[in-house]
Amino acid sequence: MKIEKVVRTFTKLFEAFLANEYENWKKSALISYDDLTPIDINGNHFCPIIMNLAIQNALSEHGKKPILILNIARPHVNDEEIRSIIDFCNRKGFSLYYFGSNPRNLDSLQAIARAKIELKWVTSNAETVAKIIEDASPVVRTVDPEELKMGNLNSLSKLLIEKLGPPSMTEELKTEILSADKAEIAADVLSTLAILVSPTTAITKGLKYAWKFIQVAKKRRAEEMKEYYKEWREKIEKAFSIENLRELFVEESVEFETGRPVVILTDAYDSLLDFTIPILIQNILQKSLEDSPLIIDYTSPLLRMAGFREYINDMLKENHVILNIITNKLPYREYSVNLIKTFLEERAIIIDIASWLLDEALKSEPASVKARIQKLLSDTIGKSSRNAICLLLLSKKPRFSAKLMKIKIMPGILDPILDLIRFFQKR
């Protein structure tokens, strides 16, 4: 991957749209429909990693100290590309960290500093962390913040294995009943062990309840289900063993080099560890004394956590935040619409977007504006080609504007040719 050349190409664009206009926005987003695999443009690769590094580079060159969380767990990101990302960051003088529990067999990745979450921070922010763990659990469970105040890896390991492990029969039975037929079963009945071990007792509580009990019991006795729950338990115990947690958490204080731009490479996305990313972000930002713009790659999967959504809402009011949003992975329809609307009303870079989401987000706009944006987006897709990428740039501050930018990377020419195709409506 010829990272430096392509990053320089997009850096020029983001200097004009973000860095030079820094005082005119607080929130911006890089919006796409899906997580693009690399597109070959005359031997250069284009993907969200390039875009995020270019945004980081543009802000850095204008004296800002951005913090970039970069997802290197993408299937198409191989060892060679990770090495070139690391080399690029080192040449630019960025403070480089790795966050995760499996740094691969790469000397370059193992050699960089480790980002870790402070247990002291977890203890003092126990309510926040408890909410994130609750959101991460596939089973509806409550986490008592007091359980997080022990401040040691042993207690944290036990808590995570308990809260993120497979459901007990009590939990599964309760979920099945309440979600399937809303049968009116008293809470004390659900928690009575006698019901869970005695079909006769279950029948006395009503035929609906007895039938549901039999279905759950049969499913749990099936060999496939036993193996599934066994594997689930084993993976959780391994992921949250004390040994693994030592790679993610630390008992002493950690000093991040916030005097320079920071890049954190992480492979915790789309894994059992992804809920730790929001915890790390909050820990780092509380330690940063500067107005450090935050760039979060691959945000959409993290937004399924209600605690993280609340945190992002607060962040958008105070800090400069740039999110990489993949719209076909956005959860919670109403929240997604409001989030996209927030960025369309301030500053957005659009590669592509889910059509239903755009329709909902533009409902309050004049029909003429909506039609023109939809036309420009259609052109964005239509004019992208083997040797060019089109992006739609939207902003409302200091005035409304929309630009379709076609970025050509010509063979033998190092500098990009930026063609302004359309500029419409100022108000």
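The values are calculated or read from the model by the stated rules, or taken from the named source; none is laboratory data. Predicted model, so just to flag it, every value in this text is computed and none were measured. When we count neighbours, we look across all protein chains shown, and the Cβ atoms used for this are built from the backbone with ideal geometry, even at glycine.
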Kindly indicate the residue of the range 74-97 that is loosely packed, with under 14 Cβ neighbours inside 10 Å and in a loop (DSSP other than H, G, I, E, B) and also farthest from the chain's Cα centre (by Cα) among those meeting that condition. Gly93
Filtered residues of the range 316-325 (kept if of a type outside the set (Val, Ile, Thr) and buried (at least 20 other Cβ atoms within 10 Å of the Cβ)): His320, Leu323, Asn324
Residue identified as more than 22 Å from Lys64 (Cβ to Cβ) and among the hydrophobic types (A, V, I, L, M, F, W, C) among Leu344, Leu280, Leu316, Leu285: Leu344
Helices (runs of 4 or more DSSP H) within the range 105-152 that include 2 or more residues at pLDDT 90 or above and not β-branched (Val, Ile, Thr): 119-124, 126-136
Mind telling me which of the residues Arg104, Arg141 ends up being charged (D, E, K, R), farther than 26 Å from Pro166 by Cα and surrounded by fewer than 21 Cβ atoms within 10 Å (Cβ to Cβ)? Arg104
Are there any pairs with C-beta distances below 8 angstrom linking a residue in the range 337-360 that is over 23 Å from Glu15 (Cα atoms) to a residue that is polar (S, T, N, Q) and in a strand (DSSP E or B), with the two at least 6 apart or on different chains, and if so which? Ile353/Ser32
With the checklist (1) at pLDDT 70 or above; (2) surrounded by 11 or more Cβ atoms within 10 Å (Cβ to Cβ) in hand, flag the one item Glu255 doesn't pass. (2)
Counting only residues that are without any contact (Cβ under 8 Å) to a residue 40 or more places away in the chain, over 15 Å from Val262 (Cβ atoms) and not in a helix (DSSP H, G or I), the range 280-306 contains a total of 1
Exactly one condition in (1) touching a Lys or Arg at 6+ places or on another chain (Cβ under 7 Å); (2) closer than 20 Å to Ala130 by Cα is not met by Ile284; state its number. (1)
Hits in the range 98-137 (condition: within 23 Å of the chain's Cα centre (by Cα) and farther than 24 Å from Lys238 by Cβ): Ile112, Ala113, Trp121, Asn125, Ala126, Glu127, Thr128, Lys131
Taking the range 212-252 and keeping only residues that are among the hydroxyl-bearing types (Ser, Thr, Tyr) and either at pLDDT 80 or above or surrounded by 14 or more Cβ atoms within 10 Å (Cβ to Cβ) (or both), one is left with Tyr229, Ser241
The lone condition Ile86 fails out of (1) under 23 Å from Ala402 (Cα atoms); (2) among the β-branched types (Val, Ile, Thr); (3) at pLDDT 90 or above is (1)
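Okay, residues lined up against (1) surrounded by fewer than 20 Cβ atoms within 10 Å (Cβ to Cβ); (2) among the aliphatic types (A, V, I, L, M); (3) over 26 Å from Asp267 (Cβ atoms):
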{"site": "Thr327", "(1), (2), (3)": "no, no, no"}
{"site": "Ser336", "(1), (2), (3)": "no, no, no"}
{"site": "Leu339", "(1), (2), (3)": "no, yes, no"}
{"site": "Ala348", "(1), (2), (3)": "no, yes, yes"}
